[in-house]
Amino acid sequence: MENRKTKKQKKFLVGFGLVIAAIGYLIYTGATDATMYYLTVSELKAAIDTGDVAYDENMRLHGKVVTGSIQRDDVGTMRIRFIAHEGGMQAPVVYTGVVPDTFRDDSEVVLEGGYGRDGTFNAHTLYAKCPSKYEAEGGYGQYEQAEPKSAEPLPRS
């Protein structure tokens, strides 16, 4: 009887250990996939030169689209090429996928992908920030704090 009981305990402990190991692995891979560099174009160039970032390492890149640089490949490929710039530096970008409606010349973009040895940023994700035409003219003055009214006592009931 006791032999059966210890076998069940061992099976339970082995199964429990496997579940804990699987959960630990999922947490580890989720954390490493979610952590990546977020760089501007000029920071990317500096990080590559100093060796702080490896080629083809997954990262996010922020910049603006150079006006007139957008080139669309054949319709079936869903590939576009453009140049991102920031801080006086430029980086050619190749992106394959669905292009957001807000993607235009001079729009701000955030790209996910890797910087290749050929000097091209190969993006697998493209986020285009909304253009400033959606901002209110004259800023957001309606949200500025108004002068407080004089304190009047509330009527008592």
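In table form, for the structure just shown:
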read-out: Pair list, Cβ < 6 Å and 6+ apart or interchain, from segment 43-72 residues that are closer than 14 Å to V110 by Cβ to residues that are in a loop (DSSP other than H, G, I, E, B) and hydroxyl-bearing (S, T, Y); value: V65/S107
read-out: Checklist (1) more than 26 Å from V53 (Cβ to Cβ); (2) loosely packed, with under 14 Cβ neighbours inside 10 Å applied to T102, failing item; value: (2)
read-out: Enumerated strands (runs of 3 or more DSSP E) restricted to segment 36-106, each holding at least 3 residues that are modelled with pLDDT of 90 or more; value: 59-65, 79-86, 89-96
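The values are calculated or read from the model by the stated rules, or taken from the named source; none is laboratory data. Computed from a predicted structure; not experimentally measured. Backbone-built Cβ (ideal geometry, glycine too); neighbour counts: all protein chains shown.
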